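As structure tokens, the structure follows; a few thoughts come after it.
The values are calculated or read from the model by the stated rules, or taken from the named source; none is laboratory data. Quick caveat: nothing in here was measured; it's all calculated off a predicted structure. Positions of Cβ are generated from backbone atoms using ideal geometry, with glycine treated the same way; all protein chains shown enter the neighbour counts.
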Amino acid sequence: MKLKPLVRLASATATAAAASFGAGYLIFYEVMNRNARIYPKIASIAAKKLADTSIPATDPRIVWFENQPIQEFERINSQNLRLKGHLIAAEKPSKVYVFCSHGYRSSGFGEYKVMTKFYHDLGYNVFIVDHQSHGGSDGNWIGFGEREYKDCLLWLDWMKEKFGDDIQIILQGISMGSATVMLMSGDDSLPDNVKFTVADCGFTTCKAQFEHCLKSLMHIPKFPILYTADIFNRKINGYDFADPDPINAVSKAKVPILFIHGNSDTFVPTYMCHQLYAACTSEYKDMLLVKGAAHAESYKRDSAAYEAKVKEFADKFIK
């Protein structure tokens, strides 16, 4: 008879552990898998709830973009995934290339069809990638910068071979794409061709971003769900949620960085931009906070301010 309470306790503990692992796998799958359905909808609604700066298809910048000749390229990465890249060439021959890195569950064209004309009008080539598991590229699992930045470094090496050792490169990233270019900026293998980085609404660390989203979007405590989800991520994707660490990367960056963030961003909260700026040890850095802009909306909310700040960097660092 005395064993019954212990049996009930053991049974309850086993049930709780099973539930925790089940919930952890669900969170892992919904956040990390390309074909998930639930979490992407929640994230999309949350990211846009403070502002609606949708650009109509008739906007001249979009009309211009959709009428440009676009060259498509492919690379095979270390995971044997086929990656897509696209070039909108400058009107006149130019050695300057803007490398565009898109955000979570977006695509190169989806993210940059409004902004591309700005860089093209400066006389620059614009190279837009689809990260693995996005757009036209292969893959099922999203890396939150950890896989993507390694793919992008391969792209940069290829660009040097394709377009010449003397090209100058601007890294432009938005959201997860911002985390990606920040990770690139702190990597020892970053080529000297990179002249500066534009980091638009990036997170400090992948783990901190997940903790924030669990609390603010789903109202779920990080323990034990995040820890069990990370077990599946390490097993399936081969990296820890703590690995994508942009704030550590910018503390080692050797290129100038322009940090941009909307001051109404609650998806990747604005305080992360301040933390990244404070941690950055580049010889030159600056920060632009766009009033009223929600997540990934800074360029659409105030194109003039965004362009003016980027031009300042271009005037300083592009020869």
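Quick notes on this one:
- Some residue of the range 198-210 being over 18 Å from the mean Cα position of the chain (by Cα) and either buried (at least 18 other Cβ atoms within 10 Å of the Cβ) or not assigned by TED's automatic domain parsing to the domain that holds Ala23 (or both): no
- Of the residues making up the range 243-258, at least one is closer than 24 Å to Arg61 by Cβ and touching a helix residue (DSSP H, G or I) at 6+ places or on another chain (Cβ under 9 Å).
- The one condition in (1) modelled with pLDDT under 95; (2) assigned by TED's automatic domain parsing to the domain that holds Val126 that Ser94 fails to fulfil: (1)
- Within the range 130-150, the set of residues being assigned to a helix (DSSP H, G or I) and either surrounded by fewer than 24 Cβ atoms within 10 Å (Cβ to Cβ) or without any contact (Cβ under 8 Å) to a residue 24 or more places away in the chain (or both) comprises just one member, Lys150.
- Matching residues, the range 109-118, being assigned to a helix (DSSP H, G or I) and in contact with a Phe, Trp or Tyr (Cβ under 9 Å, 6 or more places away or on another chain): Phe109, Tyr112, Thr116, Lys117, Phe118
- Apart from one condition, Asp192 fits all of (1) closer than 17 Å to Asn77 by Cα; (2) more than 12 Å from the chain's Cα centre (by Cα); the exception is (1).
- The condition (being over 23 Å from Leu190 (Cα atoms), in contact with a Lys or Arg (Cβ under 9 Å, 6 or more places away or on another chain) and of a type in the set (Lys, Arg)) is satisfied by just one residue among Lys84, Lys113: Lys113.
- Cβ pairs under 8 Å, 6+ apart, first in the range 205-232 and closer than 15 Å to Gly22 by Cα, second of a type outside the set (D, E, K, R) and assigned to a loop (DSSP other than H, G, I, E, B): Leu226/Phe241; Ala229/Phe241; Asp230/Phe241
- If the condition is being surrounded by 23 or more Cβ atoms within 10 Å (Cβ to Cβ), β-branched (Val, Ile, Thr) and part of a helix (DSSP H, G or I), then the range 234-275 contributes only Val250.
- Pairs where the first residue, in the range 30-44, is surrounded by 15 or more Cβ atoms within 10 Å (Cβ to Cβ) and the second is at pLDDT below 90 and of a type in the set (Lys, Arg), C-beta under 9 Å, 6+ apart: Glu30/Arg37
- The set of residues in the range 276-309 being under 18 Å from Thr116 (Cβ atoms), part of a helix (DSSP H, G or I) and in contact with a helix residue (DSSP H, G or I) (Cβ under 8 Å, 6 or more places away or on another chain) consists of Ser298, Tyr299, Ser303, Tyr306, Glu307.
- Filter pass, Thr180 being closer than 26 Å to Asp130 by Cα, part of a helix (DSSP H, G or I), hydroxyl-bearing (Ser, Thr, Tyr) and in contact with a strand residue (DSSP E or B) (Cβ under 6 Å, 6 or more places away or on another chain): yes
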